[in-house]
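Below: the structure, in structure tokens.
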Amino acid sequence: MIKIYNTLSRQLEEFETIEPGVVRWYNCGPTVNGLMHLGHARSAVAFDTIRRYLEYRKYKVRYIMNFTDIEDRMIEVATNEKRSVLEVAEEYLRGFRRDMNALNLKEATINPRAMLHINQMIEFIQKLEEKGYAYESKGDVYFDVKKFEGYGKLSNQKLENILQEGTEDTQNPNKRFVADFALWKAKKPGEPYWPSPWGEGRVGWSLECSTMSMMYLGDTIDIHSGGQDLIFPHHENEIAQSESLTGKPFAKYWLHNGFINMNKEKMSKSLGNFSNVVDLLKNYTADAIRLFIVQTHYRSPIDFTEDIIDQAQATANKLFEIFLLVKLFSKKEDTDGPLTETDKEMLEIVKQSRAAFIEAMDEDFNTSNAFAVIFNLTKEANDYIRKSDDIKLKVTQAIDIFFDELRSIFGIFEGIEKDESTKTISTLVDLLIELRQEFRKDKNWVMSDKIRDDLKKAGIALEDTPKRILWKLDTDK
Ligand SMILES: [Zn+2]
């Protein structure tokens, strides 16, 4: 049974979907007013991993992630850059798609854009008005939070405290109450606008997500997710307006990912604007970035320093090397035979590792604990290939199947499967290793050294182990 930490109840809950086997999930997507940065990547990779794990556990996941293309921050950038909001949205939306693909994030079932749903949003506001939850004031329309009893339940605050803390534009004289939030904003000079029953204007940000979530997934969904910074006021507002409209719970489970603490002093200037994914990818592989993110549990903060991401790159290289080694040995034909005690032990380790991995992930997707299991298994697998007398196909295939599952859950090392040339290279290198052994038997050191050195120049390093000679792509050169 999978357990999920629900921000709404502030505890671990057993995960039970409304419709058995189907997960209806709305993830608050980015505002497309700039490049995808590490904060976006953290949220996207964390939830992509959870989604992939739910699919591994046989759920069908309907995953909706919006792109916010009309909002205060969009207008700010468009005004500064003297461009239309649509132009800004198009450019950065393309950038997001490019970077999301580069990070191997699974495509959403649908990526709705706010600007294409204005009519549905206007209808939403009208219904709230009819029910007495919204009021018009000088061309703006506000949600009357005092009318909704549960306001503050997600962020765990009382209405009086919200009043003291204040929310966005506390000084706004059009509002009846400080925490009331805008559903519709009257047109201001230079801003994009749409016609409405309250005059020309545009929708409030929080309304966008409520409308699109209900439209594509229904009144009540299983998971609503986003960064911790969205809990208040964004998600609190979504709950208020949605539940006032339908009288039903808006989402069963609320998931929020932790922040990335950027320690800029510890980063070298040579790496440029480090926090943008497109720049980060110039220095690190997507696998390293994904590992950097998922080695920490999704709710915990991550400190971002150059050392830590360098370390993630080294880990990614090492893991890739072992995954590839196992893959190559699982495809060889000459390693079959009766199982020894060592073989049986290794098979048992694989079985136990998978069980321990699932146990870790079932506990609120604890990727941090899951990686402890994975590192232990890769060490054992590495030892098995380097030290056992005979490498059995049955064993390497069992390890390889689990490695494939892990690759698919963490969205890493796609190249192992895609790259058909790896197999060809492997066959050729094996042949060269065999030739080199023949030369060595004949004490022809000149030829045997030549093979080793030329392979090295071609980026392939040979390693003599007690039992056999292994090779790897030389990432240190
Ligand atoms: Zn949202």
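The values are calculated or read from the model by the stated rules, or taken from the named source; none is laboratory data. Model, not experiment: these values are computed from the prediction. Methodologically, a virtual Cβ is constructed for each residue, glycine included, from the backbone with ideal geometry; neighbour enumeration extends over all protein chains shown. These area figures cover heavy atoms from the full protein model, side chains too; ligands, DNA and RNA do not enter into them. Shrake-Rupley method; radii C 1.70, N 1.55, O 1.52, S 1.80 Å.
General observations
- Within the chain, percent of DSSP bridges classed antiparallel, to nearest 5: 50
- Highest-first arrangement of 98-107, 130-139, where packing means the average Cβ count within 10 Å: 98-107, 130-139
- Net charge contributed by nearby residues that have their C-beta within less than 15 Å of Glu123 (K/R +1, D/E -1): -2
- Compared with the dominant principal axis of the Cα atoms in the chain, helix 367-387 is inclined by about 10°.
- Remark on Asn66: its backbone amide H falls under 5 Å from those of Asn27, Gly29, a criterion applied only to residues 5 or more positions apart or on other chains, H modelled at 1.01 Å from N.
- Scalar couplings 3J(HN,Hα) for the stretch 34-40, obtained by applying the Karplus form with A = 6.51, B = -1.76, C = 1.60 to θ = phi - 60°, are x, 6, 5, 10, 4, x, 4 Hz; x denotes Gly and Pro.
- Contact order normalised by residue count of the chain, Cα under 8 Å, 6+ apart, percent: 16
- Rounded to the nearest 20 debye, dipole of the chain from Cβ charges on Lys, Arg, Asp, Glu: 420
- Computed magnitude of the charge dipole of the stretch 3-258 (debye, nearest 20; Cβ of K, R +1, Cβ of D, E -1): 580
- Backbone geometry of the stretch 394-411 corresponds, through the Karplus equation with coefficients 6.51, -1.76 and 1.60 at θ = phi - 60°, to 3J(HN,Hα) couplings of 4, 6, 5, 5, 5, 5, 4, 4, 5, 4, 4, 4, 5, 4, 6, 5, 9, x Hz, x marking Gly and Pro.
- Remark: the Lys82-Phe259 segment gains 60.5 nm on full extension, using 0.36 nm per residue and subtracting the alpha carbon distance.
- Once backbone amide H atoms are built at 1.01 Å from N, His297 has Ser368 as its partners under 5 Å, excluding neighbours fewer than 5 places away on the same chain.
- Residue (of Tyr133, Thr68, Met100) at the positive-pole extreme of the stretch 35-165, dipole from beta-carbon charges: Met100
- The long axis of helix 445-457 is offset from the longest Cα principal axis of the chain by roughly 10 degrees.
- Taking every DSSP helix (H) stretch of at least 4 residues in the chain, weighting each as -39,500 (n - 2.57) and dividing the sum by the residue count yields a mean residue ellipticity at 222 nm of -15500 deg cm²/dmol.
- Rounded if a/c under 1.5, otherwise prolate or oblate - the stretch 3-258, Cα gyration tensor axes: oblate
- Prolate/oblate/rounded call for the chain, Cα gyration tensor, a/c under 1.5 rounded: prolate
- Residues of the stretch 293-313 with an amide N closer than 14 Å to a point placed 7 Å from the Cα of Ser9 along the Cα-to-Cβ direction: none.
- Whole-Hz couplings from phi, Karplus 6.51/-1.76/1.60, listed for the stretch 184-197; x for Gly and Pro: 9, 10, 4, 4, 10, x, x, 9, x, 8, 10, x, 7, x
- Cα-based reach from Lys450 at 16 Å (exclusive), listing aspartates and glutamates while leaving out same-chain residues under 8 positions away: Asp430, Glu434, Glu438, Asp442, Glu463, Asp464
- Under a 5 Å amide H cut-off, with hydrogens placed 1.01 Å from N, Asp303 pairs with Asn261 among residues at least 5 apart or on other chains.
- About its Cα centre, the stretch 195-324 has a charge dipole of approximately 160 debye under the convention of +1 per Lys or Arg Cβ and -1 per Asp or Glu Cβ, with nothing else charged.
- In this structure, the pairs whose alpha-carbon distance is over 29 Å, taken from Lys351/Lys387; Lys60/Lys332; Lys318/Lys443; Lys106/Lys185; Lys60/Lys282; Lys344/Lys467, are Lys60/Lys332; Lys318/Lys443; Lys106/Lys185; Lys60/Lys282.
- Dividing the mean sequence gap of close Cα pairs (under 8 Å, 6+ apart) by how many residues the stretch 3-258 holds gives a relative contact order of 24 percent.
- Whether the stretch 11-55 is rounded, prolate or oblate, judged on the alpha carbon gyration tensor where a/c under 1.5 counts as rounded: prolate
- For the chain, the carbon plus sulfur part of the accessible surface works out to 50%, probe radius 1.4 Å.
- Leading residue at positive end of dipole, the stretch 3-258 (Cβ point charges), from Ile4, Pro195, Leu255: Ile4
- Hits among aspartates and glutamates - C-alpha to C-alpha of Lys127 under 14 Å, sequence gap 8 or more where chains match: Glu136, Asp144, Glu243
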